[in-house]
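Below you'll find the structure, written out as structure tokens, and then a few comments.
Nothing in this text is a laboratory measurement; each read-out follows from the coordinates by a stated rule. The shown structure was predicted, so the numbers you read here are calculated from the model rather than taken from an experiment. Ideal geometry is used to build each Cβ from the backbone, glycine not excepted, and the neighbour counts take in all protein chains shown.
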Amino acid sequence: MDAVKIESPSFRDGGWIPAEHTADGVESPVPLEFDGVPADAVSLALVVHDPDVSRESRPDGVFDHWVVWNIPAEQRRLSAHDAHVGVVGRNTSGDNAWTGPAPPAGDAPHRYVFALYALDAVLELSDSAGRHELESAMAGHVLEEAVMTGRYQRE
């Protein structure tokens with residue numbers, strides 16, 4: 001059996017995120033495709049974060065762009081057309097939505113980590129929860145995890 005995978009038709013792992021998915025474009029969510037989800041998975045969760053934020057801006061150095069859970073285990077894609085799928089939690093901006101990359105101009109390229117979790121449970125969380133609450137709720141329920149990374153930089 002293959003391990004769970006996450007990919008995007010917009011860019012390859014380690015590649016550049018197209019501007020259309022960023023604050024410099026129309027800020028549409030990055031389309032994602034999932035494969036190799038374990039047969040015993042009950043739901044999926046997704047966290048997209050930027051670990052390259054300056055400590056002056058955010059003391060933890062992380063900005064959460066998208067937090068989604070209770071995605072049905074049989075779901076094999078997530079895009080702007082699938083906005084009704086799962087529960088969208090709060091990102092660092094305080095929004096229950098995708099917030100596109102917007103690193104400060106002149107910064108080195110920022111990394112955007114897309115982490116997909118196959119879970120053995122449906123999580124009982126309010127949509128007011130963010131990444132930290134999601135991570136706590138997932139503890140002991142992660143069957144497999146897949147990660148891909150995109151990059152973005154403003155001139």
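Observations on the model:
- By the count of neighbouring beta-carbon atoms within 10 Å, fewest first, 55, 12 end up ordered 55, 12.
- Relative exposure of 145, 155, judged by other C-beta atoms within 10 Å (fewest first): 155, 145
- Projecting the Cα atoms of 92, 112, 72 onto the charge dipole of segment 72-155, computed from C-beta unit charges around the Cα centre, puts 112 farthest toward the positive end.
- Put in order of Cβ neighbour count within 10 Å, fewest first, the listed residues 44, 32 become 32, 44.
- Cα point-scatterer Debye curve for the chain, base-10 log of I(q)/I(0) at q = 0.10, 0.13, 0.14, 0.20 Å⁻¹: -0.33, -0.56, -0.65, -1.31
- Full-stretch length increase - residue 147, residue 75 - with 0.36 nm per residue and alpha-carbon distance subtracted: 24.2 nm
- Rough spin-label spacing in nm, given labels placed 7 Å along Cα→Cβ, for residue 28 and residue 16: 1.9 nm
- Span from the segment 89-155 Cα centroid across to the segment 10-27 one, whole angstrom: 16 Å
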